[in-house]
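Enquirer: Dropping a structure here in structure tokens format, bear with me for questions.
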Amino acid sequence: MLKENLETVREQVKEACERAGRDAGKVTVLAVSKTKPNADIEELYAAGQRDFGENYVQELKEKHETLPKDIRWHMIGHLQRNKVKYIAPFVYMIHSVDSVSLADTIEKEAAKNNRSIPVLIEVNAAHEDTKFGVTPDELPALAAHIESLPHVELAGLMTSAPYTEHPEENRQYFRMLAELAVDMNLQSVNNEKGPVLSMGMSNDYIVAAEEGSTCVRVGTSIFGARDYSKS
Ligand SMILES: *Cc1c(COP(=O)(O)O)cnc(C)c1O
């Protein structure tokens, strides 16, 4: 069943890309597995899925230890500096960098592990009080700082648009993120693959794919509703 859900999401992304004249091959469907059991992840893994997203460091670390080693683990949740060390050895990409101090901690832990860690800057595109992320005004300074760090690779931008029943309302934020990535005009995000634009969740990933998302983060539409009472 999860496999069918994933296929439906892929199909919707493909159709959105066709409407927008984009190459659907450029869009990663990130399966957001937070709170979901290993059995669910294994089912999707058997169907070929390799990119999984998690929000909580402890859960991410445990899943990485138990599940197949070729899974690409994306940290998408708010990250505390004192927890970076637990994921630095293996994390594939950190989507939620929103301060110089967090970037500096990632630099230190990446260096200790002799690696470079790809990161995205989280942008609070709708200026929501409840959301993490930098404002568009703060973006250039943080981007310039990250570009100066030898073990942190600035790969692009991420945003979480407001929750809405009407995904069309979020189109403006996705468009803004795509424009910000172009405006930044930084060496590191203008490689041949172009910048990563991590945007679009279950309720709005279709609009995000139309607006240039290269990574949709989909939980509920693949795994079903989350039950937080057990965790
Ligand atoms: C939980 C979460 C998602 C997935 O949300 P769904 O609505 O279940 O698809 C995506 N991005 C972030 C940052 C999340 O925390």
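The values are calculated or read from the model by the stated rules, or taken from the named source; none is laboratory data. Since this is a predicted model, take the numbers as computed values, not measurements. Positions of Cβ are backbone-derived with ideal geometry, glycine not excepted, and every protein chain shown enters the neighbour counts. Quick note on the areas: whole protein, heavy atoms, side chains included, nothing else; ligands and nucleic acids left out. Shrake-Rupley method; radii C 1.70, N 1.55, O 1.52, S 1.80 Å.
Enquirer: It is to be established whether one or more residues within segment 51-60 are in contact with a Leu (Cβ under 9 Å, 6 or more places away or on another chain) and farther than 16 Å from Cys215 by Cβ.
Expert: yes
Enquirer: Here's a follow-up. Exactly one of (1) in contact with a helix residue (DSSP H, G or I) (Cβ under 6 Å, 6 or more places away or on another chain); (2) under 22 Å from Gly133 (Cα atoms) is unmet by Lys61. Its number?
Expert: (2)
Enquirer: Say whether the condition of being closer than 25 Å to Pro37 by Cβ and part of a loop (DSSP other than H, G, I, E, B) is met by at least one residue in segment 54-65.
Expert: For segment 54-65, residues closer than 25 Å to Pro37 by Cβ and part of a loop (DSSP other than H, G, I, E, B): present.
Enquirer: Among the numbered criteria (1) part of a helix (DSSP H, G or I); (2) loosely packed, with under 15 Cβ neighbours inside 10 Å; (3) within 19 Å of the chain's Cα centre (by Cα), which single criterion is violated by Ala144?
Expert: It is condition (3) that Ala144 fails.
Enquirer: Quick one: which of Glu42, Glu15, Glu59 is modelled with pLDDT of 95 or more, acidic (Asp, Glu) and under 17 Å from the mean Cα position of the chain (by Cα)? Explain how you work it out, then say what you get.
Expert: Working: Glu42 fails: under 17 Å from the mean Cα position of the chain (by Cα); Glu15 fails: under 17 Å from the mean Cα position of the chain (by Cα).
The unique qualifying residue is Glu59.
Enquirer: Do the conditions hold for Leu177, that is, is it more than 12 Å from the ligand (Cβ to nearest atom), open to solvent by less than 20 Å² (accessible area, probe 1.4 Å), over 30 Å from Asn114 (Cβ atoms) and in contact with a strand residue (DSSP E or B) (Cβ under 6 Å, 6 or more places away or on another chain)?
Expert: So Leu177 passes the test.
Enquirer: Turning to a different aspect of this structure: Name, by its number, the condition in (1) surrounded by 23 or more Cβ atoms within 10 Å (Cβ to Cβ); (2) within 11 Å of the ligand (Cβ to nearest atom); (3) not in a loop (DSSP other than H, G, I, E, B) that does not hold for Gly200.
Expert: Against the list (1) surrounded by 23 or more Cβ atoms within 10 Å (Cβ to Cβ); (2) within 11 Å of the ligand (Cβ to nearest atom); (3) not in a loop (DSSP other than H, G, I, E, B), Gly200 comes up short only on (3).
Enquirer: Taking segment 75-117 as the region of interest, how many residues are in contact with a Ser or Thr (Cβ under 8 Å, 6 or more places away or on another chain), touching a residue at least 24 places away in the same chain (Cβ under 8 Å), within 16 Å of the ligand (Cβ to nearest atom) and not in a loop (DSSP other than H, G, I, E, B)?
Expert: Number of matching residues: 1.
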